[in-house]
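Written out below as structure tokens is the structure these notes cover.
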Amino acid sequence: MTIDLAECLEKVDGQRPEPGDEVVEPITERVDSNVLIIRVDDKSRLNESRPEDFRRKLNEILQSHPEVRGVILDISSVDFFSSTAIATLVLLKRGVSAKSGRLIITGMHPDVRNALEIVKLSNHFENAADIEAALEMFGPA
């Protein structure tokens with residue numbers, strides 16, 4: 001059985017990519033100063049009603065970097081948080097904290113901050129304006 005990635009993408013967003021189009025990964029990762037930086041570039045993926053794949057991907061990323069002292073989650077592309085996204089964020093924090101790590105969220109849109117305030121979770125998450133500011137909060141490696 002052959003799976004046509006372009007056809008699958010067309011079914012998801014209604015647009016078929018053209019040959020040569022750049023495919024944007026919904027989650028990217030890198031390590032800087034022994035801190036794992038995860039960037040969410042697809043807000044619909046974070047807010048989907050069946051988040052198992054997204055959560056599995058986050059877990060895989062965490063498991064592949066056991067040596068890091070913390071995680072920066074850059075959500076600057078996300079302007080809305082559903083209850084599913086909030087649950088995913090809580091699970092991520094638990095996973096990072098279980099390894100005695102620290103989670104700092106960057107690029108938090110005011111609507112996202114408001115969603116966390118409504119459910120009384122805003123004080124449970126550290127945040128910074130951007131990745132550089134978050135790295136400074138971690139201090140030297």
Completion exercise
Given 4 °C, 1.567 mPa s and a Kirkwood radius over Cα pairs, the Stokes-Einstein diffusion coefficient of region 24-138 in µm²/s is 93
Exercise for the section: Please label the shape of region 58-99 as rounded, prolate or oblate, based on the square roots a ≥ b ≥ c of the eigenvalues of the alpha-carbon gyration tensor (a/c under 1.5 means rounded; beyond that, a/b larger than b/c means prolate, else oblate). Expected result: prolate
Fill in the blank from the handout: Counting only DSSP beta bridges with both partners in region 24-138, the antiparallel fraction in percent, to the nearest 5, comes to 35
Handout entry: At R0 = 25 Å, FRET efficiency that the Cβ-Cβ distance of Glu52 and Glu126 yields, to 0.05
Key = 0.40
Practice task
Would you mind computing, in nm to one decimal, how far apart the modelled labels at Thr84 and Ser64 are, each placed 7 Å from Cα along Cα→Cβ?
Solution key: 2.3
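Every number in this text was worked out from the coordinates using simple rules, so none of it is lab data. Values in this document were obtained by computation on a predicted structure and should not be read as measured data. Positions of Cβ are backbone-derived with ideal geometry, glycine not excepted, and every protein chain shown enters the neighbour counts.
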